[in-house]
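As structure tokens, the structure follows; a few thoughts come after it.
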Amino acid sequence: MLRRISALAAALALALIASIGTAAANKVVVQNQCSIPVWIEQLNVPGAKKVVKIDKGKAYTYDVPDNKLIEATRWWPKTGCDKNGENCTQGQTMAPCPAQGCTPPIDSKFEATWCTGSNCQTYFDLSMVDGFTLPVTMKPSAPKNTIPGCTQAACPSLSTSASVCPTSEDLSTNGKFPALKNQDLRMVDPKTKKVIGCFSPCGKLTFAKAFGGYNYLPQDPQAAFYCCKGEADTKETCLKGPIKSMSYVKLIDDACKNEVYGWAYDDAHGTHTCTGPLTVTFTICPKS
């Protein structure tokens, strides 16, 4: 009998440890401050819904388990969706795709790789490397954080209007490809003819022609020095090209106060790091 009780106690203890180990100590709170409903799609978050609808003025909380390293999670906004949160006019970058095809993935993104062990760190960012759609901010809260990189990032003034998104960007690689000299980076929906996003230089050169891109490969000579691929696949080689002088990169640096990725190797601006349990508030259409 004693042996059976001891075995039962041990089993209960193991169950308790397991339940603690899988508790959601990390959270992402998505706030919708837009004037319309927003759907949020996520990638690689264990147990989370693929798409959720967040009405105007509302919020939704995602729990991110802390029992292991969780890599390459991502959240982005979608608008103009059907009742299932799909077939959206903006942000439909993954299947099911509308008739004209999925939108190029230029969404305003929040990304993170999560870890909350005593000696590990969570890395997170806002990325405009491919482009952007809606203005966003992120604000971390980590009471047990011990490092200075645990800071917020804010891009409240981003817009796809011609007064913000560059409409005459020189993508000729310092004159090597003159046909690419004056490029409008606004992305237009081929069906509605409305502007639904702003390409980055790399995005403009590599994404689908149906949406206004050129469909080059990132390593092609026309795109290499804007995507940091091919002959420009390191930070040092990429900086030999014009990427830092791009109006788009300057726009991201200014609008986001040097806190956000504007090009592939922009780690000094883009990477944010916290230790310990972390809650990040990701706000869509933040108030300026």
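The values are calculated or read from the model by the stated rules, or taken from the named source; none is laboratory data. Quick caveat: nothing in here was measured; it's all calculated off a predicted structure. Here the Cβ is made from the backbone with ideal geometry for all residues, glycine too, and neighbour counts use every protein chain on show.
The table that follows gives values for the structure above.
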quantity	calculated
Count of residues meeting criterion [more than 20 Å from THR133 (Cβ to Cβ) and surrounded by 14 or more Cβ atoms within 10 Å (Cβ to Cβ)] in segment 168-213	6
Residue count, segment 54-92 (criterion: surrounded by 16 or more Cβ atoms within 10 Å (Cβ to Cβ), part of a loop (DSSP other than H, G, I, E, B) and touching a residue at least 40 places away in the same chain (Cβ under 8 Å))	7
Extreme residue, nearest to VAL38 (Cα to Cα), among residues of segment 100-132 that are free of Cβ contacts under 8 Å to residues at least 12 places away in the same chain and surrounded by fewer than 16 Cβ atoms within 10 Å (Cβ to Cβ)	GLY117
Residue match in segment 93-106 (condition: within 19 Å of the chain's Cα centre (by Cα) and outside any loop (DSSP other than H, G, I, E, B))	no
Selected residue [touching a Lys or Arg at 6+ places or on another chain (Cβ under 6 Å) and either touching a residue at least 40 places away in the same chain (Cβ under 8 Å) or within 28 Å of VAL28 (Cβ to Cβ) (or both)] from GLY276, GLY203	GLY276
Residue in segment 107-114 that is outside any strand (DSSP E or B) and more than 10 Å from the chain's Cα centre (by Cα) present	no
Some residue of segment 142-154 being modelled with pLDDT of 95 or more, outside any loop (DSSP other than H, G, I, E, B), in contact with a strand residue (DSSP E or B) (Cβ under 6 Å, 6 or more places away or on another chain) and buried (at least 19 other Cβ atoms within 10 Å of the Cβ)	yes
Per-region count, segment 220-256, residues more than 20 Å from the chain's Cα centre (by Cα), in contact (Cβ under 8 Å) with a residue 60 or more places away in the chain and assigned to a helix (DSSP H, G or I)	1
